[in-house]
Amino acid sequence: MVEKIRVGALISGGGTNLQAIIDAARSGTMAADVVFVGSDNPDAHGLQRARSSGIPTFVVDYREALRSLRQNPAGTKLPEDFRLDEARAKQTLWPRDADPEKVDVFLAGRAVAESLLLEAMSAHPFDLLVLAGFMRNLTPYFIDRVNTDRTRPRIMNIHPALLPAFAGTDGYGDTFRYGCKVGGCTVHFVDYGEDSGPIIGQRAFPIREDDTLDAVRRRGLEQEWQLYPECIQLFAEGRLQTVRMSHELTGGKFCERTVVKILPEKG
Ligand code: GRF
């Protein structure tokens, strides 16, 4: 018998993935309970889905937090435990040659919003945090405070493309416009970059000549609703192991990456 894990979810929109996760938890196909749903967007329909299932919700209005920071930078208090140089050194959301001032403003602004998120989450102990259509990149400040054991990441994200292709906010759109014949979705652990963390699971589907972008999105979402609960179940079963791999490339160079190994089912 697999013991149930406590799953927290962050959303920004419609929450169809959240619904699939709530349904899988209810039906017992996934050994998990959803213990909170948080959103950066007060109007996210997913919040309504959570409330109808009796799940506690909270909102950290990022737009509001970032607006007050822009209007009054000097008067905004940064979290006491925020270290700008540390966040700057770790983050890979921005390229190394990006305007340092822009990067600093971004990291500081996010830390303000993320500390509010952490505070709201602290009322609901959890084992795994799932991003289910949460449209904000998380920074090292937040990630390090959730992943307190570096060898056991516990933030998952679902992305609407076959990563590492088409990272960013419009995976299905980018896949479709590129003329791909196959689309897909990916569940991965979150690292310090954008959609760049170790891959846990993927699903692919064909894209046909007469498909519209809407049809591709619909087909993709149907795959997501199955894939996300499956990956959460693997986590609950303790079958996801992150391993640092090193491979020699042609020319004598080495490529190092953290990957996820899926351990066999316990007999
Ligand atoms: C999904 O396509 C997910 O892959 C992406 O955002 C969308 C969220 O949809 N990250 P929903 O809110 O779960 O319906």
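The values are calculated or read from the model by the stated rules, or taken from the named source; none is laboratory data. If you're wondering where the values come from, they're calculated on a predicted model, not measured in any experiment. Note that each Cβ is placed from the backbone with ideal geometry, even for glycine, and that neighbours are counted across all protein chains shown. Quick note on the areas: whole protein, heavy atoms, side chains included, nothing else; ligands and nucleic acids left out. Shrake-Rupley method; radii C 1.70, N 1.55, O 1.52, S 1.80 Å.
Structure summary
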item: Sole residue being within 11 Å of the ligand (Cβ to nearest atom), free of Cβ contacts under 8 Å to residues at least 60 places away in the same chain and open to solvent by 50 Å² or more (accessible area, probe 1.4 Å), chosen from Thr148, Thr169; result: Thr169
item: Residue within region 78-99 that is within 22 Å of the chain's Cα centre (by Cα), of a type in the set (Val, Ile, Thr) and open to solvent by 70 Å² or more (accessible area, probe 1.4 Å) present; result: yes
item: Matching residues in region 59-90 - criterion: being closer than 13 Å to Ala113 by Cβ, touching a Phe, Trp or Tyr at 6+ places or on another chain (Cβ under 9 Å) and touching a residue at least 60 places away in the same chain (Cβ under 8 Å); result: Pro79
item: Residue within region 119-135 that is in contact with a Ser or Thr (Cβ under 8 Å, 6 or more places away or on another chain), in a loop (DSSP other than H, G, I, E, B), over 27 Å from Asn72 (Cα atoms) and away from the ligand (no atom under 16 Å from the Cβ) present; result: no
item: Among (1) over 24 Å from Glu230 (Cβ atoms); (2) among the β-branched types (Val, Ile, Thr); (3) open to solvent by 30 Å² or more (accessible area, probe 1.4 Å), the one test that Val103 misses; result: (3)
item: Selection within region 239-267 - part of a loop (DSSP other than H, G, I, E, B), open to solvent by 40 Å² or more (accessible area, probe 1.4 Å) and at pLDDT 95 or above; result: Leu263, Pro264
item: Any hit, region 19-35, residues being open to solvent by less than 30 Å² (accessible area, probe 1.4 Å), within 11 Å of the ligand (Cβ to nearest atom) and under 21 Å from Glu114 (Cα atoms); result: no
item: Residue tally, condition in contact (Cβ under 8 Å) with a residue 12 or more places away in the chain, away from the ligand (no atom under 14 Å from the Cβ) and more than 20 Å from the chain's Cα centre (by Cα), over region 202-236; result: 3
